Amino acid sequence: MDNLIKEMETYAEEKNIPIMQKKGIDFLCKIIEKGEVKNILEIGTAIGYSAIKMANVNETITVTSVERDEERYILALKNIKKAKLDKRINVIFADALNINLEDKYDLIFIDAAKSQYIKFFNKFKENLNPKGIIISDNLSFHGYVEQEERIESRNLRQLVGKIRKYVDFLKDNKEFKTKFYKVGDGIAVSIKED
Ligand code: SAH
Ligand code: MG
């Protein structure tokens, strides 16, 4: 297992695939462990790295993960098989905004296109169990969100603007209480209020 994880980290680095940073994934796995999370929905599988890490927290965990890029989806399936986790991790090849899921989850992990975070949140909060948690990654976006003056390209400025909007959306949200953590690339933990 450790070898597979290392292989995936190296592959992601070489191919510029934005898998979770080590500190970020450790933080996420601690929340899963402490919160006795059983079923997880992940938006943005990439090559299956975070899905495998989360499923490895303990044997009772199941993960459903959505990926829209076919090459990554196929690679994720391969990696999950190698990890012998294909019974507990189900990957859906689709754009997350085009699917409707019936199941309810204890935790929803949003780690896909940053420009669509508000849409993901509003859509998938319906699939959350009472007292469920929504976790969002990359709210710092390599530090650009805090240091906008560093940005030179217009596209990046727009993206950072969208991340800022999402942060404000979470801060203003009455249904969920959100805490922001400067761990990894910036993580938000939103808990549904009773
Ligand atoms: N969670 C992964 C990394 C995900 S990277 C890990 O830490 O290991 C983000 C992924 O989200 C990319 O592979 C991208 O193709 C996918 N993605 C982006 N927008 C999406 C959408 N609307 N639906 C499904 N997948 C999406
Ligand atoms: Mg991420």
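The values are calculated or read from the model by the stated rules, or taken from the named source; none is laboratory data. Just so it is clear, the model here is predicted, and its values are computed rather than measured. Glycine also receives a Cβ, built like all others from the backbone with ideal geometry; neighbour counts cover every protein chain displayed. Just so you know, the surface numbers come from the protein's heavy atoms only, side chains and all, with ligands and any DNA or RNA stripped out. Shrake-Rupley method; radii C 1.70, N 1.55, O 1.52, S 1.80 Å.
What dipole magnitude, in Debye to the nearest 20, does the chain give about its Cα centre under +1 on Lys/Arg Cβ and -1 on Asp/Glu Cβ?
240 debye
With a 1.4 Å probe and every protein chain left in place, work out the accessible area per residue of region 9-119 in Å², rounded to a whole number.
For region 9-119, the solvent-accessible area averages 53 Å² per residue.
Can you classify region 2-192 as rounded, prolate or oblate using the Cα gyration tensor, where a ≥ b ≥ c are the square roots of its eigenvalues, rounded means a/c under 1.5, and otherwise it's prolate if a/b beats b/c and oblate if not?
Taking the square roots of the gyration eigenvalues as a ≥ b ≥ c, region 2-192 is oblate.
Expressed in nm to one decimal, what extension gain is obtained for the pair residue 179 and residue 129 from 0.36 nm per residue of sequence separation less their Cα-Cα distance?
Extra length from residue 179 to residue 129 when fully extended: 16.1 nm.
Of all accessible surface on region 6-111 at a 1.4 Å probe, what whole percent is carbon and sulfur?
It is 45 percent, rounded to a whole number.
Spelling out what I want: for every residue of region 156-166, take phi, set θ = phi - 60°, compute 6.51 cos²θ - 1.76 cosθ + 1.60 (Karplus), and round to whole Hz; glycine and proline get x.
Taking θ as phi minus 60°, the curve returns 5, 4, 5, 5, 4, x, 5, 5, 4, 4, 5 Hz for region 156-166.
Helix-derived [θ] at 222 nm for the chain: sum -39500 (n - 2.57) over DSSP H runs of at least 4, divide by residue count, nearest 500?
Helix-only estimate at 222 nm: -11500 deg cm²/dmol.
Under the rule a/c < 1.5 gives rounded, and otherwise a/b versus b/c splits prolate from oblate, where does region 49-137 land using the Cα gyration tensor?
Oblate.
Find how much the distance from residue 38 to residue 84 grows on full extension, using 0.36 nm per residue of separation minus their present alpha carbon separation; answer in nm with one decimal.
Once the chain is fully extended between residue 38 and residue 84, it gains 14.7 nm.
From the backbone phi of region 171-182, what are the Karplus-calculated ³J(HN,Hα) couplings (6.51 cos²θ - 1.76 cosθ + 1.60, θ = phi - 60°) in whole Hz, Gly and Pro given as x?
Values, residue by residue: 4, 7, 5, 7, 6, 10, 9, 10, 10, 10, 10, 8 Hz.
By average Cβ neighbour count within 10 Å, what is the ranking of 17-28, 138-149 from highest down?
Descending packing order for the listed peptides: 17-28, 138-149.
Once you keep just the Cα pairs under 8 angstrom separated by 6 or more residues, what percentage relative contact order results for the chain?
19 percent
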